[in-house]
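What follows is calculated from the coordinates using simple rules that are stated; it is not laboratory data. What you see is a predicted model; the values in this text were computed from it and never measured. Virtual Cβ from ideal backbone geometry, glycine too; neighbours counted across all protein chains shown.
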Amino acid sequence: MLEGLRATCPTLALDTAPDACEAASVDALNPFRARPDFVAVRALAVAEPADAGELSAVVRSAAAEGVPLVARGGGSGLMGAAAVVRPAVVVDLRRMNAVAIDADACLVRAGAGATLASVEEALVPHGLMLGHDPWTVGVATVGGAIGTNGLGYLGARAGSIAAQVQALEAVLADGRIVRTRPSPARSVGLDPARLLVGTEGTLGIVTEATLAVLPRPEERLVRGYRMPSFEAGVAVAARCRRTGIRIASLDVSAEDLPPAPASLLIVFDGLRGEAHLHAERALALVHAAGGEASSDAEAAEKWAARHAIAERWAASRNARAGGWLRGGQFDYAHVGVPLAALGEVRAAAHALIRRHRLGLVEEGLWHWPELYSVVVTGPIDAAAGVRETVEGVLRAAQDAGGTMEYCHGVGWKLAHLMEREHGAAGLDVLRRVKAALDPAGILNPGKDGL
């Protein structure tokens, strides 16, 4: 297949060196995340197409030979969506990184391999900014963010990246190229682009996206608050929404099991004077919930450091290999929970942590009171307990009518829970779509429960 591909597409960059194939076979999932059963296999080769035409040739050749393909961006995904779990050719999209801006339309057209940071840098001179600002902004690519339907630090203002996607270009499993049209509204039936957002390269490989972007705020205020409890932070988040206070980012966090205080960070963006108005109204809600303002400098420092962990991970081969976890187990859940059921899901999480004698690194709330997260750690022999705790939280969220993941996608790690998430009938619908678009099953096999 590789020799035939070289013959039919002589300009394609194709790397078969063992080191390159090894490095392209993993993302940020590793066995220390309480999954000692996770094993990536070395890619057969790494193809680096320069455009959709070259990628189409790769896909047609792979389809003819029945060789699986795994699309790859920055490799920063946390669920194994870009990991090679069966022999496959990795399609590295990072050469497809062109960026074009239509400032008056507040749109940017970017190649799937463009990093989010490079897109943001191109927008700055136009007074615009991306709405998607994840912790991995310097590493993650446009295609990767779309594949997982990621949510970033400005999610309270901009939503998940699905809300920002105006159009897509993608290569389907038979090599055909599909292009959708950008429009702020459409009423023309099912939008093919929606099939490709959040499906992690299992239905098609995104090559380019047109994204709606935001005006840079005339003023940004970053405010921190000390809350008497996690519940008080939840109450402020809910009341901000109900009152109509506009926020760009909200983060509630506690580092101990109850009873324990919590911290609250809110970012306000707006026209000059607007952000101050919303910040004043939020402070009144904080006081009503028994909280108080903390240091503005401390809040600003925390906000400025929001990408630091990912930057360290990207800079260190040891961190990429899980070296920073050596000697212990570590994992997290990011679940969506109906507000009325949040208390019972939190109680279930706390009971599981105590039962397995794990450490709570942090429990948190992000942007909306329904988005709950918990981070746990344990000794090297605690993999079973860490996994049971995290998956117990996921199941508790599902049982409450919520969702098992709001941010990082499904990948390999959560694939076994997809029937529980969607129901037998729902998963059957997804599998029928997969069978229709990729009958040979060559696109990212072993992911998303498809």
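See the values below:
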quantity	calculated
Among (i) 0.99; (ii) 1.01; (iii) 0.97, the entry that matches Rg/Rh (Cα atoms, Kirkwood Rh) as calculated here	(iii)
14 Å reach of a label modelled at residue 216, 7 Å along Cα-to-Cβ, counting backbone N of the range 236-275	270
The chain - mean residue ellipticity at 222 nm from DSSP helices (-39,500 (n - 2.57) per run, n ≥ 4, rounded to 500)	-10000 deg cm²/dmol
Neighbourhood net charge (10 Å Cβ-Cβ; Lys/Arg +1, Asp/Glu -1) for residue 63	-2
Potential extension, residue 260-residue 361 segment - 0.36 nm per residue separation minus Cα distance	35.0 nm
Contour minus Cα-Cα distance for residue 186 and residue 354 (0.36 nm per residue)	55.5 nm
Cα gyration tensor shape for the range 2-92, rounded if a/c is under 1.5, else prolate or oblate	prolate
Prolate/oblate/rounded call for the range 273-394, Cα gyration tensor, a/c under 1.5 rounded	oblate
FRET efficiency estimate (nearest 0.05) - Cβ-Cβ, residue 1 to residue 174, R0 22 angstrom	0.90
Distance between modelled label sites at residue 86 and residue 98, nm, 7 Å Cα→Cβ extension	3.4
Mean separation of Cα contacts under 8 Å (6+ apart) over length of the range 2-92, as relative contact order %	38
Point-to-point label distance, residue 14-residue 296, nm (Cα→Cβ direction, 7 Å offset)	6.0
Net +/- balance of residues flanking residue 381 in space, Cβ distance below 13 Å, scoring K and R +1, D and E -1	+2
Difference of contour (0.36 nm per residue) and Cα-Cα distance, residue 243 to residue 23	74.3 nm
Spin-label model distance (nm) - residue 304 vs residue 436, 7 Å beyond Cα toward Cβ	5.2
Cα centroid separation, the range 377-415 to the range 1-56 (Å)	28
